[in-house]
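J.: Below are the C-alpha cells for one structure; questions will follow.
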Amino acid sequence: MGSIDGVIEPIYFLITSIGFIILTVIQYKKTGKSLETKYLSILSIFFIFCFVILKYY
C-alpha cells in the first residue's frame, strides 16, 4: 500500500489512465464527440504520458 514518504508509484498513473479510457469509451457511446469526451481523452493521454515519464526516466 502507499506510504507517506512522498514517492508516487507509476502504477497508480497507469490504473488511472485505464479508468479514464473506460470512461471515455462510455461517454463517447452515450453522447458522441462532446466536450467531456475530449476532456476525458486528454486526461487519459496525460496520465499515460506521466506513467511513461515516471517509469522510464
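J.: Between residue 29 and residue 8, take the C-beta separation as r, use R0 = 25 Å, and let me know the FRET efficiency to the nearest 0.05. Show your work: numbers first, answer last.
T.: Details: r = 32 Å, r/R0 = 1.27.
Result of the calculation: an efficiency of 0.20.
J.: Here's something else I'd like to know. Kindly sort 39, 12 by accessible area of their heavy atoms, largest first, with the probe set to 1.4 Å.
T.: Details: 39 140, 12 105 Å².
Solvent-accessible surface, decreasing: 39, 12.
J.: I would also like to ask the following. For helix 10-31, report the angle its Cα long axis makes with the longest principal axis of the Cα atoms of the chain; keep it between 0 and 90° and round to the nearest 10°.
T.: Taking Cα atoms only, the helix is inclined about 10 degrees.
J.: Run lengths n ≥ 4 of DSSP H only: what is the helix-derived mean residue ellipticity at 222 nm for the chain, with -39500 (n - 2.57) per run over all residues, to the nearest 500?
T.: Working: 2 runs with 44 residues, N = 57.
The per-residue figure over the chain is -27000 deg cm²/dmol.
J.: Let me ask something else about it. Under a Cβ-only charge scheme (Lys and Arg +1, Asp and Glu -1), can you give me the dipole magnitude of the chain about the Cα centre, in debye to the nearest 20?
T.: On the way: 5 positive and 3 negative charges, 80 e Å.
Here the chain has a charge dipole of around 380 debye.
J.: Quick one: accessible area per residue over the chain, 1.4 Å probe, rounded to a whole number of Å²?
T.: Heavy-atom SASA per residue in the chain reads 84 Å².
J.: If you fit an axis through the alpha-carbon atoms of helix 35-56 and take the longest principal axis of the Cα set of the chain, what angle between them do you get, 0 to 90°, nearest 10?
T.: Tilt of helix 35-56: around 20 degrees.
J.: Throw me the Rg/Rh for the chain, computed over C-alpha atoms with Kirkwood Rh, two decimals.
T.: Using Cα coordinates only, the ratio equals 1.10.
The values are calculated or read from the model by the stated rules, or taken from the named source; none is laboratory data. Note that the structure is a prediction, hence the values are computed from the model and not measured. Heads up, the Cβs are rebuilt from the backbone with ideal geometry, glycines too, and the neighbour counts pull from every protein chain shown. The protein model used for the area step is the full one, side chains on, heavy atoms only, and it has no ligands, DNA or RNA in it. Shrake-Rupley method; radii C 1.70, N 1.55, O 1.52, S 1.80 Å.
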